[in-house]
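Only one structure is covered here, and it is reproduced in the block below.
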Amino acid sequence: MRIVCFIMLLIAQATGLFAYQDTSLNKSISEQNIRFINYPDFPEAHSTWGSIGYNPANNNVYVGVTNHADKVGFYEYDPARNQIQLHGFLSDLGHLRPFQWQGKMHSKIVAGPQGEIYFSTDGGESREEYLMDHPHGYAGGFFMKWNPATKQLTNLGMGMQYESIKDVEVDMQSGLVYGISYPQAHFLVYDPQKNLLQDAGRLGSAHVPRVLFTDWWGNCYYVDWRQRLVKYEKSTGKLVFAKQSLPAFPGTPGGKIVTGITAFAKDHDKKAIYLVTYGAKLVAFYPQETGIGKWEDLGGVYEMAKGEEWKPYVPNLNIGLNGKLYYVIGGHGNYVRKDKTVLIEFDPEQRKANILLEFPIGRLTEVTGSDIRDKDGNMYFAGRKRPDRSENGSVPFLIKFNPEKEVK
Amino acid sequence: MYNRIIYSLIALFFVPAIASAQYTFFNPKGSFAVEASLENTDELRMPIYQNAMSSLTVSGDFILGGTTAEKGLSPLFFTSSLAQRKLAAIKPLEDFAKGQLSIGTGFSKAKSGNVFYAGTMPQPESGFGGHIIELLVNPQGQIAVKDLGEPVSGEGIFAMTFNPDKNEFYGIVHPSGKFFSFNLKTGKKQIYDQTIPSENDLDTYHSFALEPKDYLGRALVIDQQGRIYGSRAINKLFCFDPATQSFSVLKDELPFVWGREAMGRIDSWAKMPDGTIYGSNAADGQLFRLDPLKQTIVNLGKPIMMPRIMAMTPGKNGMLYGVAGASPGYAHLFSYHPQKGFRDLGNPEFRMITPGLEQGINWRGFQIASMATSQNGNYIIMGENESLSQLMVFPAEDLP
């Protein structure tokens, strides 16, 4: 019996049963402040993986939704009309042949200088890595551009043969498109005007950090295996490496360090870019035009027991018009409340996290998305639920949230 | 009943991890990665774009490496301690020979002392030729470098080997494909045209859109009689006998996939302690065994489906290790044993522990261009071919 109890204790620890401190919910926020919006016309929709973005040119939100096999639906949500629309599937819109199948869109969706938006495609399956010359192997991920005015998708070509493109960013001034490949973590710079692709080489170790972000000047940032910021400085066309690593809690496993940043949100007024690390740190980064800027350690995403601070999983981050940060903790087996995801409000001034809402993981399992806010202050996340926890039991939906008013 | 509950709980606990493990990496006990390249650091590391490890050997406790740089940058020599698992020295080649791009010939050892030789390739369109470089590794792992000059003016050294008994170098130069010999003691140098492609060969290469860097043999090997073997157009193996200064072409061609003969060339050689010689064909990644007495080869097949076997090195008890596959695919470590055949060991993923990463991280080897065996035969060392390349080391298996 003692053995049974010991194993139960192990399971409880592994599932984080004792890993949180009690924090009372914010009573001013209710379910009226949040809405889950279903994706129409795609019954086999499975998930979204950071594949969400906002276009300031038309105030619309875009999402790539996958069946996690070979079909990616491209959606547009119009907040003004409160309408969501499926434009079609990437294989059709991008004129892809069957041997160019794409498992998902993993990149965020990023606005370009002419009102267009960019994203990239991903293999998303194990067969991507080990069936290179196989009839059903993975050809490689593509850069793609959507023109909202003409509703046309342009396939801008492949990044690297056999490699996915996990994330993209765009320099709003020059139109340069940045990408990061998977699984070899090559940093790519693509100039659509000249159709020039520069492979700046491998920056990662055994696991690929998923997030790129840009600063106010259009320089692009990634991390190396030491969780040091790596900047593509567009004035020189060279990579600049930070000397120091981003902050991490003592005891953060190496596997968390090498994965770097999971999400970001920009405060344009304060000229700060807030980052979340895979080791659950919040960082305020203040970039500068040349060289690496400064950063400030804001602490953990949630108050945890000593030695477990690095555990919460936060692959999403938004910033409200009030300057506060909003994120959902949970996913990939990491939860701070047993079997619940929690929506957090974090005040960067006070450096304090409050739980606003809790969701059973059967209703909200995991949330992705960085820095998606419309002109009315509504923030958006790409969510999914896994009601039966099986690989097939996954349902994606768009999350619309506003802490200051009810959302329609 | 208790047992059932316990087993069920254990299964519940571990099944998700087992179910999600779709493949495993090669990470034997005792393996490790050495952080050899890193930008903007106070640690001794090689800078970005100058560290693709195209040549490796071992001198006592020290790994000796030579790199390939990107255009406009100097390649480097470096040493790394196996015992301390860290770099000991870095020397830019440009301090000794100007206008060089690559140290790609591997290292040949002198008859005595910790003296090694390598050949270099110049920067493209620079007007420089490749040099023979002599290196002395001292007991602290520091490197003394000496430039022995250009064996063939204006041409790079694409492949080279050294016969320590005769003090003589043999090489293939780029872009012409000529063969040279250079006696270190006498200074006598001879250049031969027998290995250059004919006009017909060049037409064939043109029709396959191949450049000299794509079709010239990448390595040479010396048999027990002092004869030198390499590849030449098209898909042929040649043998040079220094005693008669004559060339012959082996009757057996490199093993090929039908229609791809034009791309056939030697990618690497490995000479085993018992004298057995293994070779590889870059075009399709076949391994073969050369019988120098009969001047024949035996096609041993392909360890994986991809082309290339860029590097091979002896293990213990007749085991051969090699790296098959290369960009745009990934390298697979493989082993070959005469009695047991091939094993595809897949991507190596070793633990890297280094200052600032004391908890350790996993380092996965995707592109690997060079290999070496430690002098005591206990370690196999692999050098990456990346913008920031690291060393990957594992204990040689002691299988019967």
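With a requirement of 2 or more residues that are among the charged types (D, E, K, R) and open to solvent by 50 Å² or more (accessible area, probe 1.4 Å), none of the strands (runs of 3 or more DSSP E) lying completely within region B:191-268 satisfies it.
Looking across region A:311-340, just one residue is open to solvent by less than 50 Å² (accessible area, probe 1.4 Å) and among the charged types (D, E, K, R), and that is A:Arg337. Condition test on B:Phe13, is it outside any loop (DSSP other than H, G, I, E, B) and either at pLDDT below 95 or more than 27 Å from B:Ala270 (Cα to Cα) (or both)? It is true that B:Phe13 is outside any loop (DSSP other than H, G, I, E, B) and either at pLDDT below 95 or more than 27 Å from B:Ala270 (Cα to Cα) (or both).
With respect to the conditions (1) over 20 Å from the mean Cα position of the chain (by Cα); (2) closer than 16 Å to B:Ala97 by Cβ; (3) surrounded by 18 or more Cβ atoms within 10 Å (Cβ to Cβ), B:Gly149 falls short on a single one, namely (3).
Taking region B:340-353 as the range and being more than 14 Å from chain A (Cβ to nearest Cβ) and not in a strand (DSSP E or B) as the test, only B:Lys340 passes.
Which count do you get for residues in region A:216-236 that are away from chain B (no Cβ under 13 Å) and either open to solvent by 30 Å² or more (accessible area, probe 1.4 Å) or assigned to a loop (DSSP other than H, G, I, E, B) (or both)? Going through region A:216-236 one residue at a time, the tally reaches 7.
Filtering region B:354-367 to residues that are over 28 Å from B:Pro328 (Cα atoms), open to solvent by less than 20 Å² (accessible area, probe 1.4 Å) and either among the aliphatic types (A, V, I, L, M) or more than 8 Å from chain A (Cβ to nearest Cβ) (or both) leaves B:Thr354, B:Leu357. Condition first: within 11 Å of another protein chain (Cβ to nearest Cβ), closer than 30 Å to A:Val223 by Cα and either open to solvent by 10 Å² or more (accessible area, probe 1.4 Å) or not in a strand (DSSP E or B) (or both). Can you find one or more residues in region B:368-385 that meet it? The answer is yes, given that some residue of region B:368-385 is within 11 Å of another protein chain (Cβ to nearest Cβ), closer than 30 Å to A:Val223 by Cα and either open to solvent by 10 Å² or more (accessible area, probe 1.4 Å) or not in a strand (DSSP E or B) (or both). Just one of the listed residues (A:Asp199, A:Asp171) is surrounded by fewer than 24 Cβ atoms within 10 Å (Cβ to Cβ) and touching a residue at least 60 places away in the same chain (Cβ under 8 Å), namely A:Asp171. Between B:Pro348, B:Pro328, the distinction of being at pLDDT 95 or above and out of contact with any helix residue (DSSP H, G or I) (no Cβ under 6 Å at 6 or more places or on another chain) belongs to B:Pro348 only. Just a yes or no: is a residue in region A:366-380 without any contact (Cβ under 8 Å) to a residue 60 or more places away in the chain, in the same structural domain as A:Ala265 (by TED's automatic domain parsing), in a loop (DSSP other than H, G, I, E, B) and surrounded by fewer than 21 Cβ atoms within 10 Å (Cβ to Cβ)? Yes; the residues of region A:366-380 include at least one that is without any contact (Cβ under 8 Å) to a residue 60 or more places away in the chain, in the same structural domain as A:Ala265 (by TED's automatic domain parsing), in a loop (DSSP other than H, G, I, E, B) and surrounded by fewer than 21 Cβ atoms within 10 Å (Cβ to Cβ).
Only one entry of A:Lys256, A:Lys243, A:Lys270, A:Lys281 meets the criterion of being open to solvent by 10 Å² or more (accessible area, probe 1.4 Å) and either under 30 Å from B:Thr24 (Cβ atoms) or modelled with pLDDT under 95 (or both), and that entry is A:Lys256.
Among all positions in region A:343-358, there is no residue which is touching a helix residue (DSSP H, G or I) at 6+ places or on another chain (Cβ under 9 Å) and polar (S, T, N, Q). Of all residues in region A:321-340, those that are within 14 Å of chain B (Cβ to nearest Cβ) and over 20 Å from A:Pro403 (Cβ atoms) have Cβ atoms under 8 Å from Cβ atoms of residues that are of a type outside the set (Ser, Thr, Tyr) and open to solvent by 30 Å² or more (accessible area, probe 1.4 Å), 6 or more apart or on another chain, in A:Gly333/B:Pro16; A:Asn334/A:Lys311. With the structure loaded, tell me whether A:Lys194 is basic (Lys, Arg), free of Cβ contacts under 8 Å to residues at least 24 places away in the same chain, open to solvent by 10 Å² or more (accessible area, probe 1.4 Å) and assigned by TED's automatic domain parsing to the domain that holds A:Ser107 or whether it fails that test. Taking the combined requirement at face value, the residue satisfies it. When region A:101-120 is examined, which residues are found to be assigned to a loop (DSSP other than H, G, I, E, B), more than 16 Å from the chain's Cα centre (by Cα) and modelled with pLDDT of 95 or more? Those that are assigned to a loop (DSSP other than H, G, I, E, B), more than 16 Å from the chain's Cα centre (by Cα) and modelled with pLDDT of 95 or more: A:Gly112, A:Pro113, A:Gln114, A:Gly115, A:Glu116. A:Asn318 - would you say it is out of contact with any Leu (no Cβ under 6 Å at 6 or more places or on another chain), part of a loop (DSSP other than H, G, I, E, B) and in contact (Cβ under 8 Å) with a residue 12 or more places away in the chain? When the stated conditions are applied, A:Asn318 does not pass them.
The values are calculated or read from the model by the stated rules, or taken from the named source; none is laboratory data. Just so it is clear, the structure is predicted and the values come from calculations on it, not from any experiment. FYI the Cβ positions are ideal-geometry reconstructions off the backbone, even for glycines, and counts take in every protein chain you see. Calculation scope for accessible area: heavy atoms of the full protein, side chains included, ligands and nucleic acids excluded. Shrake-Rupley method; radii C 1.70, N 1.55, O 1.52, S 1.80 Å.
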